[in-house]
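> Quick one: the structure is below, and I'll ask about it shortly.
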Amino acid sequence: MSFYFLQGIKDMSQKLQNVRVRSAPSPTGDPHVGTAYVSLFNYAFAKNAGGTFILRIEDTDRSRSSKESEEAIMRSLRWLGLEWDEGPDKEGDPGPYRQSERFGIYSKYGQKLLENGSAYRCFCTSERLAALRKTQQAQKRPTGYDGLCRALGEDEIEQKMAQNEPYTIRLKVPAEGETSYEDYIRGTITFRNPEIDDQVLLKSDGFPTYHLANVVDDHLMEISHVIRAEEWITSTPKHVLLYNAFGWEQPAFIHLPLLRNKDKSKISKRKNPVSLDWYREKGYLKEALLNFLALMGWSIGAEREKFTLQEMVTHFSWERAKKSGPVFDLQKLDWLNGEYIRAMSPDELLDRIVEEGYTDYTDVPRRKLLSIMELVQDRMKTLSEFDESIGFFFAREPYDAETLIPKKKDASFTAEVLEALKDTLEGVEDWTTESLEQALQAFCEEGGWKRRDVYMPLRVAITCRRVSTPLFETMEILGKKECLVRFQEAVEKCENKG
Ligand code: GLU
């Protein structure tokens, strides 16, 4: 389907009274990161304008929708702090806010359209439609309904109905002309009517399709601005035709740039984690995730990348919205998450880790955890890394002798270093970072050892890892006794190997 943009973005100061916006996810599968993204923009805009943010559950597709998915959406949005003012679990005049509880409403509107000639009954069977589609595909033509039933006369319709032939109700898109709408971000978007499909509005079982339910609900819920992702741009002309057919005032339309994989395709779980549960489990901070999602479609100002939800709300305007978003880049999210982690005090960070259940070390005295936190905080990218990066403080981890051996050296060299180091370590009376550092430096200088040849095996001996928290601080926390036991084990490992 082709469409084009004209200049002239609508005056953005319009319609800022009584802002009512909605996020309208379909509860299928895991709670999607795109739902958070769209909800964030709806929320920020509504709160900035002193308006209302609504959560509407679009569960018209009964076979794909599930209660668990709906609960997961609500739980995830709440976790992110995107609380709705009206929604399935909240009071509101235009409720209920779950489309499955509104099924009685839609057929009446379908009838209205039949009566005023904006829609028609289509008796085509699914076999005919499938065959039509196949032919169109084979001829490399755009797929869509060919309008066969538009031409049915009253008598024919009556006859088919008398015979109880099932039918759908389709939108009667004008055969000629154009349909346009204004997008706050993109300006005027125009479609040629012949390219717009005669969309099914009510299925033969009387259930509405997305398009009818969406427009009817947006109208009844007095939605002032429809803010959704770019993928709906081509659905909007159908909605505009519906508003016109009903004689209703249109909301404003805003299509946010899509979240994209590296190859620019729409974000998908084959190429990126898309479940909000995944981000939460990994230990991304909600502040960082929101900030990251905000950057996908908006900027707070030149060069500034880190901002809070509240700052986004305060400074929100569509003028700073982007037409096309950057690629959804997890490395960038890791970086942002790290920034948020480093901006916290060790106390605050530990509180978050404990409260949100990212650590099993809850029996460890807080003072000890805090001193370890000071060593790991700078390197952490996610909260779930905490336990992973501190495990060796509480239990020796298995490693093989090879790990002790510095680059370009062998086991007997390593055994020799460790052997030589033993007395020095045992002789350190005051087991503090400073004394340990001094003792090790003196050891290297006096014995003519290269530092890296000494520090690497020592690090592995103490932490069981090649990459760890700073060595001497770690030794201080572990204490002399434990360090010497670990050291002895390493010596033996190395001797057995050599
Ligand atoms: N139910 C649609 C979705 O899942 C809503 C699109 C819209 O906001 O109109 O994205």
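The values are calculated or read from the model by the stated rules, or taken from the named source; none is laboratory data. It should be emphasised that the depicted structure is a prediction, and the values quoted were computed from it without experimental measurement. Positions of Cβ are generated from backbone atoms using ideal geometry, with glycine treated the same way; all protein chains shown enter the neighbour counts.
> Taking the stretch 144-161, which residues are surrounded by fewer than 12 Cβ atoms within 10 Å (Cβ to Cβ) and either among the aliphatic types (A, V, I, L, M) or within 46 Å of the chain's Cα centre (by Cα) (or both)?
Hit for the stretch 144-161 is Ala151, nothing else.
> So, one more: Given the conditions (1) away from the ligand (no atom under 16 Å from the Cβ); (2) part of a loop (DSSP other than H, G, I, E, B); (3) touching a Phe, Trp or Tyr at 6+ places or on another chain (Cβ under 8 Å); (4) not acidic (Asp, Glu), which single one is not true for Lys271?
(3)
> Any idea how many residues of the stretch 47-60 are within 14 Å of the ligand (Cβ to nearest atom) and either free of Cβ contacts under 8 Å to residues at least 60 places away in the same chain or among the aliphatic types (A, V, I, L, M) (or both)?
Going through the stretch 47-60 one residue at a time, the tally reaches 5.
> Then there's this: Could you tell me which of the residues Ile227, Ile185 is over 26 Å from Ser126 (Cα atoms), in a strand (DSSP E or B) and either in contact (Cβ under 8 Å) with a residue 40 or more places away in the chain or of a type outside the set (Phe, Trp, Tyr) (or both)?
Going through Ile227, Ile185 in turn, just one is over 26 Å from Ser126 (Cα atoms), in a strand (DSSP E or B) and either in contact (Cβ under 8 Å) with a residue 40 or more places away in the chain or of a type outside the set (Phe, Trp, Tyr) (or both): Ile227.
> Looking only at the stretch 255-268, how many residues end up being more than 13 Å from the chain's Cα centre (by Cα), part of a loop (DSSP other than H, G, I, E, B) and buried (at least 20 other Cβ atoms within 10 Å of the Cβ)?
Summing the residues that are more than 13 Å from the chain's Cα centre (by Cα), part of a loop (DSSP other than H, G, I, E, B) and buried (at least 20 other Cβ atoms within 10 Å of the Cβ) in the stretch 255-268 gives 0.
> Continuing with the same structure: Ile267 - would you say it is among the aliphatic types (A, V, I, L, M), in contact with a Leu (Cβ under 7 Å, 6 or more places away or on another chain) and either closer than 25 Å to Glu83 by Cβ or modelled with pLDDT of 95 or more (or both)?
Criteria met by Ile267.
> Can you tell me how many residues in the stretch 242-254 are assigned to a helix (DSSP H, G or I) and away from the ligand (no atom under 15 Å from the Cβ)?
3
> Pairs please, first residue from the stretch 473-498 and free of Cβ contacts under 8 Å to residues at least 60 places away in the same chain and on the phi < 0 side of the Ramachandran plot, second anywhere and of a type in the set (D, E, K, R) and part of a helix (DSSP H, G or I), Cβ atoms under 7 Å, 6+ apart in sequence or on different chains.
Going by the 7 Å Cβ cut-off, the qualifying pairs are Leu484/Glu426.
> Another question about this same structure. Hey, any hits in the stretch 395-404 for a residue that's under 30 Å from Val354 (Cα atoms), of a type in the set (Lys, Arg) and touching an Asp or Glu at 6+ places or on another chain (Cβ under 6 Å)?
No, there is no match, as no residue in the stretch 395-404 is under 30 Å from Val354 (Cα atoms), of a type in the set (Lys, Arg) and touching an Asp or Glu at 6+ places or on another chain (Cβ under 6 Å).
> Related question: I need the full set of residues from the stretch 200-224 which are assigned to a loop (DSSP other than H, G, I, E, B) and under 26 Å from Ser317 (Cβ atoms), in order please.
The answer is Met221, Glu222, Ile223, Ser224.
> Sticking with this one: Considering each of Glu281, Glu230 in turn, give the residue that is within 16 Å of the ligand (Cβ to nearest atom), at negative phi and under 23 Å from the mean Cα position of the chain (by Cα).
Result: Glu230 is the single residue among Glu281, Glu230 that is within 16 Å of the ligand (Cβ to nearest atom), at negative phi and under 23 Å from the mean Cα position of the chain (by Cα).
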